[in-house]
Amino acid sequence: MNASQRFSMKKVYNALMEDDDQVPWRFLFKHNPARPRALFTLWMLCHGRLPTKDRLSRFGMITDTICSLCKRDAETMSHIFFNCSNTSHIWIQILKWIEVDHHPLDLQNELRWIIQETKKKGWKAKILKLAFAESIYGIWGLRNEAVFGPSDSSTNADRIIESIIYRGWNLKAIRHHIARLMI
């Protein structure tokens, strides 16, 4: 770029995008119509930075590491989203709604699976990307309600599905498929 007489923003952008430190989950965010706060929560999860009880205890901020939802196991990111008896059914219910046959495992395997599935082209990959972000946000909100106030998990999967419908309806490529799923 220095040898060139003219400045080119395109060349600067391309030089910045050639970074070798790209993370495998970056495509979960590309063209994802989820709410910005849902994408931020997903970003925090992918970076391993959500303030779960096990993480807060490692910093010496708290001593109690028991899950706020099930009161049985340690509250880790993997436990809250995929192994907790109070929340694991939410992601399974949303996958069934999308007509995806998959049983969630732990966080790392689930991230690997969702990355692989959303690399594909087609409406199901687009809806799955949106559903994953909105589900992570919804389950994290449920956890926060359990920690900071009253919780109502009975309608949480329905609220997440409503959010997926609302956010996905603006995309013409998946609107027809969302309408079919609503029947």
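Tell me, which residue of the stretch 170-183 that is surrounded by 14 or more Cβ atoms within 10 Å (Cβ to Cβ) and under 20 Å from the mean Cα position of the chain (by Cα) is modelled with the lowest pLDDT?
Taking the stretch 170-183 and keeping what is surrounded by 14 or more Cβ atoms within 10 Å (Cβ to Cβ), we get 171, 174-175, 177-178, 181.
When the remaining residues are screened for being under 20 Å from the mean Cα position of the chain (by Cα), the result is 171, 174, 178.
Working: L171: 89, I174: 92, I178: 95.
My answer is L171.
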Give me a count of the residues in the stretch 26-76 that are open to solvent by 30 Å² or more (accessible area, probe 1.4 Å) and closer than 30 Å to A173 by Cβ. 13
Is it the case that the stretch 141-151 has a residue that's surrounded by 13 or more Cβ atoms within 10 Å (Cβ to Cβ), among the aromatic types (F, W, Y) and out of contact with any Phe, Trp or Tyr (no Cβ under 7 Å at 6 or more places or on another chain)? no
Checked the stretch 81-94 for anything free of Cβ contacts under 8 Å to residues at least 24 places away in the same chain and either small (G, A, S) or open to solvent by less than 10 Å² (accessible area, probe 1.4 Å) (or both); matches are C84, S85, S88
Go through the stretch 116-148 and report how many residues are over 17 Å from I80 (Cα atoms) and either part of a loop (DSSP other than H, G, I, E, B) or in contact (Cβ under 8 Å) with a residue 60 or more places away in the chain (or both). 8
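The values are calculated or read from the model by the stated rules, or taken from the named source; none is laboratory data. Source: prediction; values computed, not measured. Don't worry about glycine lacking a Cβ; one is built from the backbone with ideal geometry, like all the others, and counts go over all protein chains shown. For the accessible areas, the whole protein counts, side chains as well, though only heavy atoms, and no ligand, DNA or RNA atoms are used. Shrake-Rupley method; radii C 1.70, N 1.55, O 1.52, S 1.80 Å.
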